[in-house]
Structures are given as C-alpha cells and as structure tokens.
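The values are calculated or read from the model by the stated rules, or taken from the named source; none is laboratory data. No experiment lies behind these values; they were computed from the predicted model shown. Here the Cβ positions follow ideal geometry from the backbone for every residue, glycine too, while neighbour counts run over all protein chains shown. Calculation scope for accessible area: heavy atoms of the full protein, side chains included, ligands and nucleic acids excluded. Shrake-Rupley method; radii C 1.70, N 1.55, O 1.52, S 1.80 Å.
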Amino acid sequence: MKIVAICGVGVGTSGILKVNAERVLDRLGIDADVTASDAAHIDEAAADAQVVLTSPELVDRIGRTNADVIVVNNYFDLEELEQKLDEALG
C-alpha cells in the first residue's frame, strides 16, 4: 500500500505528517509505504497511491485521483490521524 502526504512545498509539514502517519500505521498494524510530496507534483506522487493525506487548504489542488483523500486538520494530533486512517483502511 502506498500513502502520500502532501503539503505546499513538500518538505516541512508533509514530512511531519509522513512520520506521524508511520507511527499511527504501526499502532494499527498496517504495512504501508508513506512518502512526502509537494502539491505541485501530486499527479506523479499519487499516481499509484491508495491514500493521500493533506490539509483542508490543499484538497482543491489534488485534482482527480483514484486514491482516498484524507483531510487532516491537525498534523500533530495522532488520535485524529489514527481515527481517519483506521476508518479508511480498517
């Protein structure tokens, strides 16, 4: 399974979201490859992804995708992330 964390530039917040998603997936016992990317390269990054993680302000920039788009309001809230990933993947 491939999960892509998206932010505006692809460095800071997507990196935080990537690390926190890996922690949550480990808790849930789900094996996935989590990568970080910027919104400008979403077409490439999410071409074969099953899940895209992003903030509310970037949802419109994602465009058409077959992946489940999960909107994360607080990248530091592991409970929010766990709930949303569990609903999508569990």
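Below, the figures for the structure above:
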read-out	value
In segment 1-36, the residues that are under 15 Å from I62 (Cβ atoms) and surrounded by 21 or more Cβ atoms within 10 Å (Cβ to Cβ)	I3, V4, A5, I6, C7, S14, L17, A36
Residue in segment 67-90 that is nearest to A32 (Cα to Cα), counting only those that are open to solvent by 40 Å² or more (accessible area, probe 1.4 Å) and in a loop (DSSP other than H, G, I, E, B)	G90
In segment 38-66, the residues that are buried (at least 20 other Cβ atoms within 10 Å of the Cβ) and outside any helix (DSSP H, G or I)	A46, A49, V51, V52, L53, T54
